[in-house]
Structures are given as structure tokens and as C-alpha cells.
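Asker: Dropping a structure here in C-alpha cells format, bear with me for questions.
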Amino acid sequence: MSFLLHQGAQVMCSHAGQANPTTASLRVKLGGQPATTMAHTYMIAGCPFTTPEPAPKPCTIVQWTTPATRLRIEGQPALLSTSQGICNGPLGVQGTPQVVMQQTRVRGQ
């Protein structure tokens, strides 16, 4: 069962950094929170990922790859609790985002 993501959903990189959308829908709200789509950029903060080098190489952005197939918000594919993506940083692809908590009233495909 897939639920639509909104601005308040808890999304994390695979290293437990918090991902938040920089913008969200101006027209569609889910439980009072603006809905998010493929067009909305998710920035990652607090990723602790490091390499053997002295400088950390944290995840910085989520690139969504599989949004909803049948539902659009403001002309863009909606993001779902089951949407897949990749987390990118200075080293390129560094993992996949995980949706930890989301609203549970509005479903989609």
C-alpha cells in the first residue's frame, strides 16, 4: 500500500541524514501539509557518511527515480511512500532514500 508524500514526511538517506523538500505543492495539501512531487528537490542535512580520507563526504540531495505512475499533482508525478530514488553526494551515488514516516490517509499508484 502506497501513501502520498508531503512536506512533513520523514525521509532519510541510508546513513540517517534527514531529507527535506526545498519546496512543495502550492495547491494540494495532505493532512494540512503541502504534497511533494518529482519536481520538488529534496536536500539532505546531517548525513554522517565518511570515507578513509580525512574529509566527510555526506549525501546532499535525493534524486527520485520511480514516482507514482497514475497520479499527478500540478502536472508532475506524485511521490509515494514506496517511491525509489538515489542519494547523491560528492562521491556520486551513495545509497537509497528511506521513507520512515508519512501520512496514512491518501493512497496512490
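Asker: Specify the residue with the greatest mean-square fluctuation among Thr36, Thr65, Thr51, computed from a Gaussian network of the chain linking alpha-carbon atoms under 10 Å apart.
Answerer: Comparing Thr36, Thr65, Thr51 in a Gaussian network model of the chain, the most mobile one is Thr51.
Asker: Looking at Asn20, Gly95, Ala78, which one has the Cα that reaches farthest to the positive end of the dipole of the chain (charges on Cβ: Lys, Arg +1; Asp, Glu -1)?
Answerer: Of the options given, the answer is Ala78.
Asker: Compute a Gaussian network model of the chain, connecting alpha carbons closer than 10 Å, and tell me which residue from Thr82, Thr22, Thr37 fluctuates the most.
Answerer: Thr22
Asker: If you rank Leu26, Leu5, Leu80, Leu91 by fewest surrounding Cβ atoms within 10 Å, what's the result?
Answerer: Leu26, Leu91, Leu80, Leu5
Just so you know, all these numbers are worked out from the coordinates, no wet-lab data involved. In this text, all values refer to a predicted model and were calculated from it rather than measured experimentally. Don't worry about glycine lacking a Cβ; one is built from the backbone with ideal geometry, like all the others, and counts go over all protein chains shown.
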